[in-house]
1. Within 14 Å of the chain's Cα centre (by Cα) and modelled with pLDDT of 90 or more: does that describe Ser73?
2. Failed condition for Leu15, given (1) at pLDDT 85 or above; (2) assigned to a helix (DSSP H, G or I), with all others met?
3. Within segment 71-108, which residues are of a type in the set (A, V, I, L, M) and out of contact with any helix residue (DSSP H, G or I) (no Cβ under 8 Å at 6 or more places or on another chain)?
4. Spot the failing condition for Lys97; the list is (1) in a helix (DSSP H, G or I); (2) free of Cβ contacts under 8 Å to residues at least 40 places away in the same chain; (3) of a type outside the set (S, T, N, Q); (4) farther than 16 Å from Tyr33 by Cβ, and only one is missed.
5. Suppose the filter is within 18 Å of Gly32 (Cα to Cα), in a helix (DSSP H, G or I) and basic (Lys, Arg); does Lys65 pass it?
6. Being closer than 15 Å to Gly32 by Cα, surrounded by fewer than 16 Cβ atoms within 10 Å (Cβ to Cβ) and in contact (Cβ under 8 Å) with a residue 12 or more places away in the chain narrows it down to one of Gly78, Gly86, so name that one.
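The values are calculated or read from the model by the stated rules, or taken from the named source; none is laboratory data. In this text the structure is predicted, and so the values were computed from the model without any measurement. Neighbour counts are summed over all protein chains in view; Cβ atoms, including those assigned to glycine, are modelled from backbone coordinates with ideal geometry.
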Amino acid sequence: MRIHRILPFGAMVLLLPQFALAERPFDNRTLGYLEGMFDTCSKAVPERTEFKQLSNMLEHQLPKKELEEIRNSQEYKGARESFNDGAAKANKDEVAKACLQFLESTKE
């Protein structure tokens, strides 16, 4: 499976700055997808702490109760499961490479 189907990081890089500016910076599906991506990358490249930091940044954008409600939604669960399924089927080296490319793209 191609990396670009599993980890389309370019779009996420463009969206992350907008998250910080919005009142409710992401919908349920987007949060599920992003948390799945950051969790996958944290496991694929455990020595890089940036993924956990990005996950924490997203988590702190919403009140705890609202975040809990989102994580219990079908939209969130579906997106997270979809991402995790795709990542599980991918070559682990390709996933790690895509994660590292994502980090490099955030430096530009």
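1. No; evaluated as a whole, the condition is false for this residue.
2. (1)
3. Residues satisfying the conditions are Ala88, Leu100.
4. Among (1) in a helix (DSSP H, G or I); (2) free of Cβ contacts under 8 Å to residues at least 40 places away in the same chain; (3) of a type outside the set (S, T, N, Q); (4) farther than 16 Å from Tyr33 by Cβ, Lys97 violates only (2).
5. yes
6. Gly78
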